[in-house]
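Bear in mind these aren't lab numbers, they're just calculated from the coordinates by the rules spelled out. All figures in this text were calculated on a predicted structure; none of them were measured in a lab. Please note: Cβ atoms are built from the backbone with ideal geometry, for glycine as well, and neighbour counts cover all protein chains shown.
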Amino acid sequence: MKKYLLLLLLSVPMAGYAQSPEKLIEKGSYDEAIDVCVERISAGRRNKDKYYAPLKTAFEAADGYDREKVRSLRATGAPDIWYDVFIHYDRMQKRYRKLKRIEGSLQGNGVDIRLTDYSSDLESAREQAAAYFYAHAGVLMKSGDHEKARKAFDELRMISRLYEQYRDVELMMRRALGLSTGTALLEVRNRSRVSLSPDFLASLENIPLTGAEKQYLDFVSGAGKGQFPLNIRIDIMRVKITPGTLTEKEYTSSHKNPESFEAYYEDKEKWEKDRKHPDFNKCRIKEVLQEKEAEMHAVLRYIDGRNARMLYNVPITARTRFENRTATASGDLYACPPELAEILDKPRKKMPSNSDMMGLLGEELKALVKGIIWDESFIGD
């Protein structure tokens, strides 16, 4: 029984692939028919000639439909048509590229299919669609209405589908999400392999806000606090703390122009005596470097509280570093490099514990989160 079921499942996609272009055209699946014809013609099969006629029929039907849609949309004169216009031009340009691959075969066999390069029209529609969404989203966000702010986010997200980067769209998307609700639910989850205490996680949810920041977007922290239109979740993905290291290095320094030391001497006889000493212009230095680093990688997620749909996410990396340099010197101190003056005889410090580093990481992470959600430009307007 399992064998027959497997054969049946395997036969379903094969049956779909084996459909003739004529059958696909009857169903109105013009682009699928074009794909079949182009694949068979480009493969150079012996009976490829029979695919030219259905290719012409499917191509003219599909392109005719999209051209008419573009014409009717542009005839309206409405400012919000350009994304739909872009979609139709995109379809036509993809068909153009497919048939361009076999253009030589079409011409050689006298197939009368007129190919039009829509790349300029496509880019023009892309630009106008993005410009409309950007301007309209700005108007929606200024309304003060939560639902309009959410609509502004959706329109800004459409721009991100048109362009990888476009002006300050990413910043505006976060602003629109903040404006889409009065209060959000903030939650921190540990998804790393490092054990983090509940108290530490709770401390990350304690982000102090000014009155103006609360007016823009307030939050309630902790799970189980009810349903909110917007959930903000911080997922801690990876934590790394290096062991503290202490590095020592010893070397001898010499001044490039030892004759300049004479200016420091009031007693010229002592100057003459010192310059004849075997250790003249030789400063022996011992440097000590204490280091410890910590990193926390997290993802800040904006989630629709009504359907748990992921709306937007921002990767965050918090870093903190402990460094202490000190040095001792002996011999001719005039030959000691001037840049060491600040660390000469500076005391060593106690190496911070992992717990200390985690505390610093937590404060850095909260500062980064606050800068993303409560950006100064959001509050200033």
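The table below lists the values:
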item	result
Euclidean distance between Cα centres, the stretch 317-372 to the stretch 175-249, Å	27 Å
The chain: most fluctuating residue of 287, 259, 364 per GNM, C-alpha cutoff 10 Å	259
Kyte-Doolittle mean at least -1.0 and Cα axial length at least 30 Å: DSSP H helices in the chain	52-76, 119-141
The stretch 141-279 - charge dipole about Cα centre, Lys and Arg +1 at Cβ, Asp and Glu -1, debye rounded to 20	980 debye
Restricting the stretch 33-120 to trypsin sites (Lys or Arg not before Pro) in coil, as DSSP defines it, with at most 13 other Cβ within 10 Å	45, 46, 101, 114
Given [x] -0.59; [y] -0.66; [z] -0.28, the label whose value is log10 I(q)/I(0) by the Debye sum over Cα atoms at q = 0.07 Å⁻¹ derived from this model	[y]
Under 13 Å from the residue 284 label point (7 Å along Cα→beta-carbon), backbone N, the stretch 237-277	250-253
Neighbour-count ranking [beta-carbon atoms within 10 angstrom, fewest first] of 374, 82	374, 82
Extension gain from residue 119 to residue 165, taking 0.36 nm per residue of separation minus the Cα-Cα distance	14.6 nm
Percentage relative contact order, the chain, counting C-alpha pairs under 8 Å, at least six apart	11 percent
Sequence of 343, 25 once ranked by neighbouring C-beta atoms within 10 Å, starting from the fewest	343, 25
For residue 238, residues with placed amide H under 5 Å, excluding near neighbours	297
Fluctuation leader among 130, 33, 176 - the chain, Gaussian network, Cα springs under 10 angstrom	33
Extreme residue, positive dipole direction of the chain, given options 220, 139, 116 (C-beta unit charges)	116
Computed [θ] at 222 nm, deg cm²/dmol, the chain (DSSP H ≥ 4; -39,500 (n - 2.57); rounded to nearest 500)	-15000 deg cm²/dmol
Segment residue 247-residue 360, length gained on full extension (0.36 nm per residue, minus Cα span)	38.4 nm
Spin-label pair residue 68/residue 349, simplified geometry with 7 Å Cα→Cβ offset, distance in nm	7.5 nm
Magnitude of the charge dipole, the stretch 119-180, Cβ model with Lys/Arg +1 and Asp/Glu -1, debye to 20	280 debye
Of 260, 290, 302, farthest towards positive along the dipole that unit charges on Lys, Arg, Asp, Glu beta carbons give the stretch 240-380	302
Beta bridges per DSSP with both ends in the stretch 240-380, % antiparallel, nearest 5	95 percent
Dipole magnitude (debye, nearest 20) for the stretch 200-269, charges at Cβ of Lys, Arg, Asp, Glu	920 debye
Partnerless cysteines, meaning none of the other Cys C-beta atoms lie under 4.7 Å away, in the chain	37
Residue exposure sequence - 153, 378 - by fewest surrounding Cβ within 10 Å	378, 153
